[in-house]
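Asks: My questions all concern the structure below.
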Amino acid sequence: MMHLTRHRLEVDDLLAEVQSPERGGTCVFLGTVRNDGDVTGIDYSAYEPMAVEEIERILAEAETRWPDARVILQHRLGVIPAGEASIAIAAAAPHREDAFSACRFVIEEVKKRVPIWKKEMHVDGSTTWVDPSGKPVAEGLRDR
Amino acid sequence: MGRVSVRFFARYAELAGCTWSHVNLDTPATVGDVIARIREVFPGTQAMPARPLAALNLRQVTLDAPVTEGDEVALLPPLSGG
């Protein structure tokens with residue numbers, strides 16, 4: 001499965017990659033574009049070759065920590081309207097505890113390590129780069 | 001003198017005015033030296049933080065990482081995936 005896509009994310013496709021009769025617990029995480037204030041959507045961009053390598057490293061680390069688990073993720077790029085998913089992660093393991101843990105590990109590591117950026121799109125046509133540190137990204141641009 | 005590819009993303013690409021270029025600098029050099037050269041060649045990038053996130057050949061590195069001829073240095077704004 002491609003880790004980066006410009007198409008709508010399909011949870012069933014991820015489930016098909018991880019589920020099996022010996023894995024009794026499956027956990028799915030979806031990150032969805034919020035309609036904060038006047039945000040109509042988010043334009044996601046990436047340093048694609050590095051993002052793919054980093055995602056593969058994170059998934060390999062997850063499968064080292066939870067050897068009986070199987071984890072997959074897809075991140076969508078391009079303009080995503082509010083209400084649609086930007087990231088989907090599915091983790092399946094023999095028991096739910098490992099499925100939850102592996103899924104949580106992967107989303108937290110993605111946030112810290114994968115070179116992807118989002119630009120919020122507003123009703124009035126303006127755009128704002130999102131800085132998760134909470135600081136304004138440049139003088140004159142709105143604070144997050 | 002060595003030639004290093006440089007890549008800019010998101011807001012930093014807007015500051016640099018391009019997404020890809022290269023700089024020449026004396027080697028041996030570090031990622032920090034490349035960034036100092038970038039600030040000279042692309043004045044808009046002086047608005048970047050003093051110590052921006054950087055990647056060398058697709059891996060995040062610290063600014064003291066050594067670079068050699070042909071390497072690719074990428075400047076990464078604060079990550080906001082997910």
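The values are calculated or read from the model by the stated rules, or taken from the named source; none is laboratory data. Everything numeric in this text was worked out from a predicted model, so none of it was measured. So basically every Cβ, Gly included, is an ideal-geometry build from the backbone, and we count neighbours across all protein chains shown.
Asks: Filter region A:39-59 down to the residues that are farther than 22 Å from B:Ala55 by Cα and touching an Asp or Glu at 6+ places or on another chain (Cβ under 7 Å) and list them by number.
Replies: Here is the first cut: in region A:39-59, the ones farther than 22 Å from B:Ala55 by Cα are A:39-43.
Answer for region A:39-59, where residues must be farther than 22 Å from B:Ala55 by Cα and touching an Asp or Glu at 6+ places or on another chain (Cβ under 7 Å): A:Val39, A:Ile42.
Asks: Whether any residue in region B:32-45 is more than 14 Å from chain A (Cβ to nearest Cβ) and either in contact with a His (Cβ under 6 Å, 6 or more places away or on another chain) or of a type in the set (Phe, Trp, Tyr) (or both) is what I want to check. Break it down stepwise before answering.
Replies: The first filter runs over region B:32-45 and keeps only residues more than 14 Å from chain A (Cβ to nearest Cβ), leaving B:32-43.
Restricting the remaining residues to those that are either in contact with a His (Cβ under 6 Å, 6 or more places away or on another chain) or of a type in the set (Phe, Trp, Tyr) (or both) gives B:42.
Within region B:32-45, one or more residues are more than 14 Å from chain A (Cβ to nearest Cβ) and either in contact with a His (Cβ under 6 Å, 6 or more places away or on another chain) or of a type in the set (Phe, Trp, Tyr) (or both).
Asks: Taking the conditions exactly as written (away from chain B (no Cβ under 14 Å) and either over 14 Å from the mean Cα position of the chain (by Cα) or at pLDDT 95 or above (or both)), does A:Gly31 satisfy them or not?
Replies: Details: away from chain B (no Cβ under 14 Å): no; either over 14 Å from the mean Cα position of the chain (by Cα) or at pLDDT 95 or above (or both): yes.
No.
Asks: Listed residues B:Leu25, B:Leu63, B:Leu53, B:Leu75; which is touching a residue at least 24 places away in the same chain (Cβ under 8 Å), surrounded by 16 or more Cβ atoms within 10 Å (Cβ to Cβ) and at the interface with another protein chain (Cβ under 9 Å from one of its Cβ atoms)?
Replies: On the way: B:Leu25 fails: at the interface with another protein chain (Cβ under 9 Å from one of its Cβ atoms); B:Leu63 fails: at the interface with another protein chain (Cβ under 9 Å from one of its Cβ atoms); B:Leu75 fails: at the interface with another protein chain (Cβ under 9 Å from one of its Cβ atoms).
B:Leu53 is the lone residue from the list that is touching a residue at least 24 places away in the same chain (Cβ under 8 Å), surrounded by 16 or more Cβ atoms within 10 Å (Cβ to Cβ) and at the interface with another protein chain (Cβ under 9 Å from one of its Cβ atoms).
Asks: May I pose another question? Exactly one condition in (1) buried (at least 21 other Cβ atoms within 10 Å of the Cβ); (2) under 28 Å from B:Met48 (Cα atoms) is false for A:Ser133; which is it?
Replies: (1)
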